[in-house]
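Below you'll find the structure, written out as structure tokens, and then a few comments.
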Amino acid sequence: MKLSHFQFDLPKELLAEYPAENRDEARLMVIDRKKQTIEHKMFKDIIEYFDEGDVLILNNTKVFPARLYGNKEKTGARIEVFLLRELNAEQRLWDVLVDPARKIRIGNKLYFGDDDSLVAEVIDNTTSRGRTLRFLYDGSYEEFRNKLTELGETPIPKYISRDVTPEDAERYQTIYAKEEGSVAAPTAGLHFSKHLLKRLEIKGVNFAEVTLHVGLGTFNPVEVEDLSKHKMDSEELKITQEACDIVNEAKAKRKRICCVGTTSMRAVESSVSSQNTLNPFDGWTNKFIFPPHDFAVPTCMITNFHTPKSTLLMMISAFCGHDLMKKAYAEAIEEKYKFYSYGDAMLIL
């Protein structure tokens, strides 16, 4: 499979600017790989496809307000700083992206907040837009993190052309988010309401939680025609023994195991034993799933509709089968499904 197999024309108006009014009332396309059929439902109808003992694998990562706006010393130029990851808590070192990058050199200072209560010094260049910052702040570590949260805004994706609203802080977060560390939401999970999770629980469906902190690398377009040459950014991953037990018991009983989103899928496929069971994991993964790939753990998955040439689309092709995926995407465009982070969903059985 080559990069050109993943190109399609996506009309701009199908990129979702806002989420559905109610989380579980997005549209749902249901794809049956065995029967090669495509059905159109509402997301809350997903309960019809799961029975007692089935498992949903959820990524419980939490998005932090990663986008800050600061001013450059002397010139006062407005600079966007996107926090990628903390490198050293004690020294308050962070890996960031800056925009516009050409103005930001080693030794520059940036000031944040109306009262300039937070200052950062550029101490290294990492990539064309990447920098290492050392934050200078008088308070304790906890106060420093609170200050970042206060000054930061929800990092809704760049394709959304509108300004961030207070609602985004809630809606660009799954209701089961616990472990802070992502700069982008695991978006398939955004469709679950408390009520829908409760109904699934009452039906006897089990939940296994994993933690994969989503980095911006997820959105890096693939630029090499030969997919095997693409390098994924590493992302932090934790899978507990408890999650493994829930999943492996369901697998032994031949129950349905459903990954909620591409991040859950990448998580579990990064930690498979030689017996094709799920192993605990605590570290980093740069797993890139593209066709052909034998999936060891999940029997189905829930995902949003992805953009052309993205690694996410390649994973869906590997799981769904390329021709069926192409057919589904053509139908989604025709039926005006909404794409991307705040868009509609797909259940692949």
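Mind listing whichever residues of region 1-50 are of a type in the set (S, T, Y) and surrounded by 17 or more Cβ atoms within 10 Å (Cβ to Cβ)?
Within region 1-50, just Y49 meets the criteria.
Select, from E201, E209, the only residue that is in contact (Cβ under 8 Å) with a residue 12 or more places away in the chain and either among the acidic types (D, E) or under 23 Å from P298 (Cα atoms) (or both).
Just one listed residue meets the conditions, E209.
Scanning region 180-231 for residues that are polar (S, T, N, Q) and part of a strand (DSSP E or B), which turns out surrounded by the most Cβ atoms within 10 Å (Cβ to Cβ)?
S182
Is region 322-333 home to any residue that is of a type outside the set (S, T, N, Q) and assigned to a loop (DSSP other than H, G, I, E, B)?
no
Restricting the search to region 98-148, which residues are assigned to a helix (DSSP H, G or I) and not small (G, A, S)?
Answer for region 98-148, where residues must be assigned to a helix (DSSP H, G or I) and not small (G, A, S): R102, K103, Y141, E142, E143, F144, R145, N146, K147, L148.
Give me the residue from region 149-161 that is among the polar types (S, T, N, Q) and assigned to a loop (DSSP other than H, G, I, E, B) and, out of that set, modelled with the highest pLDDT.
For region 149-161, the residue satisfying everything is T154.
Pairs under 8 Å by beta carbon, first residue under 30 Å from I239 (Cα atoms) and open to solvent by 40 Å² or more (accessible area, probe 1.4 Å) in region 61-83, partner modelled with pLDDT under 95 and acidic (D, E), six or more apart or different chains?
K62/E180
Of the residues D124, D163, only one is loosely packed, with under 14 Cβ neighbours inside 10 Å and in contact with a strand residue (DSSP E or B) (Cβ under 6 Å, 6 or more places away or on another chain); which?
The match here is D124.
Out of the strands (runs of 3 or more DSSP E) lying entirely within region 1-84, which hold 1 or more residues that are within 30 Å of T240 (Cβ to Cβ) and under 22 Å from the mean Cα position of the chain (by Cα)?
27-32, 55-59, 61-63
In region 146-159, what residues are in contact with a Phe, Trp or Tyr (Cβ under 9 Å, 6 or more places away or on another chain) and of a type in the set (D, E, K, R)?
Hits for region 146-159 are K147, E153, K158.
The values are calculated or read from the model by the stated rules, or taken from the named source; none is laboratory data. Small disclaimer: the values here were computed from a predicted structure and weren't measured. Counting neighbours? That spans all protein chains shown, and the Cβs are built from the backbone with ideal geometry, glycine included. Just so you know, the surface numbers come from the protein's heavy atoms only, side chains and all, with ligands and any DNA or RNA stripped out. Shrake-Rupley method; radii C 1.70, N 1.55, O 1.52, S 1.80 Å.
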